Structure formats: C-alpha cells, structure tokens
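Below you'll find the structure, written out as structure tokens, and then a few comments.
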Amino acid sequence: MQAVIEQASNSHHLARLLGPGVCTEGTDRVLKAIRKHLAMDVAFVSHFEAPDRRIEYLDSVPDGPLRLDQRIPLEEGYCLKVVNGELPECIPDTSLVAATQSIPATRAIPIGSHLSVPVKLEDGQIYGTLCCFSYLPNPSLGERDLQLMHALAEVLAVRLDESDVFRRMQQAQADEIRTAMQQGAPRIVFQPICYIADQRLRGFESLSRFDIEPRHTPDRWFDKAARAGLGQELELLAITKALAALNRLPGECSLSVNCSPELILSGQLSPVLAPLSDLSRVVLEVTEHAAVHDYGALADALAPYRQHGARLAVDDAGAGYSSMRHILNLAPEIIKLDMSITHCIDTDDKRRALARGLTSFAHEIGSLVIAEGVETFSELEQLQRLSVDCAQGYLLSKPLELAAAAGFGNSA
C-alpha cells in the first residue's frame, strides 16, 4: 500500500491505480487494505447526515462494535470532533489525549488508537470521515500513516464526486424518459410478416416510434431508458400498447413483441399477458444481442407463456455468436435471420451459405425461419430458393399505423 501512495502523484492517478468502483465494492477492498496495513481492528467511512453520521462502509475484525448503516449522533464519538479540530487526526494512544477520555466510546469499545481524516468533496463540502481504530494503543502510527489516510480520502472524494455526476445524469435521463412516456411515447407501428411462397400475411412485428424531441432512434431511447433504470418500464409500456391492438389485427395473424431476458425473468410480463387467456397469437422476440446469464432460469420463466400458446422467436440470428446459444438453449419456434444476412444475399455467396445453413438447421429442429430487412425482389427470390419460410421488410411493406395494418390482410 505504501508503494501505491509513493507512485501516485495525485488523487485521480491513485483512483486509477485502485481501480473502478471505489464507492461500491472497491471501497470494501480499500478499507480492508487500510485496516490490515495499519494493524487496526476497525476501518470505516461515515457519512454525515445531520443529526447523525451513518456507517456507510465498514471492514472489521469479527464481532466488531459497528455495523453497516448504523446511525450514531454526530456529537458522539470522534469523527465530528476531528473535523472541527477538537481532536488530532492521528492518535497513537488515546490514553495520552485528555479530550478522548470524556468520550464514552473510548472505554466502552474500547478505542486504544485512532486515525480519522475528513472526506472533502470538490465543492468543499464535508461528506464525512475515513476512520480506523484499534482496541489497543499503536505507538507506531505516525505522519506517514496519516498521509496514507489523506490520500485515500481524496480517492474516495473523487469517486463520490463522479458518482454524484453519474446520479445527476441518470436522473436527467430518467426525467427525459418519463416526459416522453407522459407525452404518449412510444407510438406503436406494425410491420407485416408474409409467407414468401405466396406473400400471404402471417403476422406483424410491433415496433416503437418516438415522435418527440430530441429525435433519437428507438434503439437509443430504449438504451437511455435502461441506463436510467427505466428500461423494463418502457418495454412494458410498448408491449402493453402493442397487445391492446391485437384484436384489431386481421384474422388469426400473430403479433411479435420485443422483450428482454431481464423483463421475462422479472415476472412483470405476467400481468400484461394475463388478460389474454389464449396466447397463441403472441410471439415473444428475444434479440441475439441480449445477454443471457442463466438459460435454465429464462426457460423456466418462459414455460408458462409457452404452455398457453405463446411462441418464442430469436431475433437477429446470425448477427453474432449469441444467437446459436439462444437457439440451442431455448428451442425457439421461430428464428429470424438478421438483415445483415438478408441484404445482398442474391449476390453474396457467403451470405447465401450462412442463410442456407441456418435455415436447414432451423427446419431440422422444427423452427420457422423469417428473413428480416428484405428490400429487393432478387433478395426475396433467393430466399425462396433457400427455403426460407417468411419475410418482412420494405419490399413487402413499411411499418404501418394500426388502421392500415388492420386492413392489410384484405389488400395483400
């Protein structure tokens, strides 16, 4: 630890050396390092929240006297007195400092030695203190140890300032997302999915549109919502709006809705689907790009929906490595070829080979294949020769407003 301090020319450099996340998991590691390096029994960060100080981070020997989130009146103990200059920051032996003898904790804990320095934010505000103490006196404590404490307090301050900036940015994004939803976003449009052989309507994919400022793409809106902690809320709103239109869509056509693994696992999808006793017209699309950490749990969460008729689609298949893992572990009824494969498939041997392999595999396991992003007759003809079942894209139809989608089956 001393070597780290000697290498660090400023708190920002030291913060990088100690790694990211010092205000969360990293803080625990820092406190453990402090405590062991200084041979102390307890190390902690207290946050001043008048009239108390709260033990925000803690590393301690077993059965220590403090606990996380414990609140102690500011006037009690050492912390505020050190900040106010009533006690020295470094006390190797509390019995030699008269002012410590009037503090009940000195004998009750007991505190034999004590180090405490303020954590000061960039605006000069005192956030709290970085402290450590031992039950017995520690005559070896000195100026070098105090410098270490000050350096680490600066690191904590830097990270706290960064966290505050992040929280403000996150709140601004959350406000933007909530405002968008209050203004009616997202607007749902419906892109037809047709059988290639006869261009007969099979279903629709519901897509979100945002007609408000700032003009971002739908992907960016959903990404911002996720960063603001509102990703699932926005997803649910889009799904709810889409499913509300299901009975107005023609015949027995299906309706695909995009949903993340996180939303499926959360259980929040159930109340939205519950009013539909028959889910046979509902397709849940999980993108190739969505990370799945536990396929077993995801399959279990999907099972009740699939038992009531819902089908699963893996979207963007072929766009990356995850699609095959999704397919092998989730056994989707539908596999959607990514538009990066579809585009120029009529002139590109590699794309044809990949599409042929995916289609053959899909049919072998009983899955329907839908090609996305079809824009030319040549692409459509090539997909038919490859035995791809269905297609969607601007060649067949742009995404439609509900009224147009409701009449599409009659005009197709």
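Within the range 219-241, identify whether any single residue is of a type in the set (Gly, Ala, Ser), more than 20 Å from the chain's Cα centre (by Cα) and modelled with pLDDT of 95 or more, and answer yes or no.
no
Is it true that some residue in the range 254-275 is out of contact with any Lys or Arg (no Cβ under 6 Å at 6 or more places or on another chain), under 16 Å from GLN182 (Cα atoms), surrounded by 14 or more Cβ atoms within 10 Å (Cβ to Cβ) and of a type in the set (Ser, Thr, Tyr)?
Looking for residues that are out of contact with any Lys or Arg (no Cβ under 6 Å at 6 or more places or on another chain), under 16 Å from GLN182 (Cα atoms), surrounded by 14 or more Cβ atoms within 10 Å (Cβ to Cβ) and of a type in the set (Ser, Thr, Tyr), one finds none in the range 254-275, hence no.
Condition first: in a helix (DSSP H, G or I) and surrounded by fewer than 20 Cβ atoms within 10 Å (Cβ to Cβ). Now tell me which residues in the range 207-223 satisfy that.
PRO218, ASP219, ARG220, ASP223
Identify, by number, the condition in (1) free of Cβ contacts under 8 Å to residues at least 24 places away in the same chain; (2) surrounded by 15 or more Cβ atoms within 10 Å (Cβ to Cβ); (3) in a helix (DSSP H, G or I); (4) not acidic (Asp, Glu) that GLN232 doesn't meet.
So the condition that GLN232 fails would be (1).
Hey, among ALA310, ALA274, ALA291, ALA301, which residue is assigned by TED's automatic domain parsing to the domain that holds ILE334, over 22 Å from ARG200 (Cα atoms) and either modelled with pLDDT of 95 or more or of a type in the set (Asp, Glu) (or both)?
Result: ALA301 is the single residue among ALA310, ALA274, ALA291, ALA301 that is assigned by TED's automatic domain parsing to the domain that holds ILE334, over 22 Å from ARG200 (Cα atoms) and either modelled with pLDDT of 95 or more or of a type in the set (Asp, Glu) (or both).
I'd like to check which helices (runs of 4 or more DSSP H) are fully inside the range 319-412 and have at least 1 residues that are touching a residue at least 40 places away in the same chain (Cβ under 8 Å), closer than 16 Å to GLY203 by Cα and under 36 Å from the mean Cα position of the chain (by Cα). Step through it out loud before you land on a result.
Details: elements: 322-330, 339-342, 349-364, 377-385, 402-406, 408-411.
Fully inside the range 319-412 and qualifying: 402-406.
Going through LEU156, LEU136, LEU115, LEU141 one at a time, which residue ends up being assigned by TED's automatic domain parsing to the domain that holds LYS32 and assigned to a helix (DSSP H, G or I)?
LEU156
The values are calculated or read from the model by the stated rules, or taken from the named source; none is laboratory data. Fair warning: this is a prediction, and the values are worked out from it, not measured in the lab. Cβ: placed from backbone, ideal geometry, glycine included. Neighbour counts: every protein chain shown.
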